[in-house]
1. Can you bin region 50-124 into rounded, prolate or oblate? Criterion: square roots of the alpha carbon gyration tensor eigenvalues sorted a ≥ b ≥ c, rounded for a/c under 1.5, prolate for a/b above b/c, oblate for the rest.
2. Would you mind checking the tilt of helix 11-21 against the longest principal axis of the Cα atoms of the chain, expressed as 0 to 90 degrees and rounded to 10?
3. In Å and whole numbers, how far do the C-alpha atoms of region 3-178 stretch along each principal axis, longest first?
4. Roughly how many nanometres apart are two label points built 7 Å out from the Cα toward the Cβ at Asn218 and Asp185?
5. Across region 88-143, how large is the tail of the calculated P(r) beyond 16 Å, expressed as a percent of all Cα pairs?
6. Rounded, prolate or oblate: pick one for region 183-223, where a ≥ b ≥ c are the square roots of the eigenvalues of its C-alpha gyration tensor, a/c under 1.5 means rounded, and failing that, prolate if a/b is larger than b/c, else oblate.
7. Explain nothing, just the number: relative contact order of the chain, from Cα pairs under 8 Å at least 6 residues apart, as a whole percent.
8. Can you sort Leu145, Leu158 so the residue with the fewest Cβ neighbours within 10 Å comes first?
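Every number here is computed from the coordinates shown, using simple stated rules; none is lab data. As the structure is a prediction and not an experimental result, all values here were calculated from the model. Positions of Cβ are generated from backbone atoms using ideal geometry, with glycine treated the same way; all protein chains shown enter the neighbour counts.
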Amino acid sequence: MLITIPDVLTAEQVRQMRAKLDVADWVDGKVTAGYQAQRVKDNQQLPEGSPLAAELGEVVLGGLARSPLFMSAALPLRVFPPMFNRYAGGGQFGTHVDTAIRQLVTTGQRIRTDVSATLFLTAPEEYDGGELIVEDTYGAHSVKLPAGHMVLYPATSLHRVEPVTRGARVSSFFWIQSMIRSDGDRAMLFDLDRSIQRLALDLPGSPVGVELTGVYHNLLRRWTEM
Ligand code: NI
């Protein structure tokens, strides 16, 4: 399931973040890439665990906590501390799959990457190229969102970032370990949740809504891994 979460950050939050990121000390993005990804990765990152990444990451996590759509779509158990990257001057990230298990530099805790997230911090008109291309059995999906919007996609997908040929593309990226490991199961729960929300609007107070809410929670109880 590929889903857009609009307005995770306000325009003012994006502006404040960009002011700090535009003067930040970036390092080569290869430092956090695995063996296969290193060969195709050409971008810059804030050092993992740097004070600025931690400060801005808290703002991102606050935005996620305020988003019912994120909660419903990702059913998060753990969120990897948000990281920040920058593509410019032809920078790109060739086709790869994200590392399955990541370890936090701070605590050593391991996180299984079920869902990948990219939160765009530059407006599409500020740069050329830089589309996130996510491949699935239905074909390739091209994603380029307004600043402050985020895309979630299965971490199992092959994906790439096209070369940035003008301007710079700055984003936050991170992973979520979901309570629901299977993307298919998670997508079904999301669909059911949306139907229940719509039913509550169409037929307020309907006992069917209560019954379906029961089914939702009982499926969640059955499938959750914690
Ligand atoms: Ni990736």
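1. Judged from the Cα gyration tensor, region 50-124 comes out rounded (a/c under 1.5).
2. The angle comes out at about 30 degrees.
3. Cα extents, longest axis first: 38, 37, 32 Å.
4. About 1.7 nm separates the two model spin labels.
5. On the way: 936 of 1540 pairs.
So the portion of pairs separated by more than 16 Å is 61 percent.
6. Details: a/c = 4.58, a/b = 1.68, b/c = 2.72.
Oblate is the answer for region 183-223, as a/c is 1.5 or above yet b/c matches or exceeds a/b.
7. About 25 percent, as a whole number.
8. Leu158, Leu145
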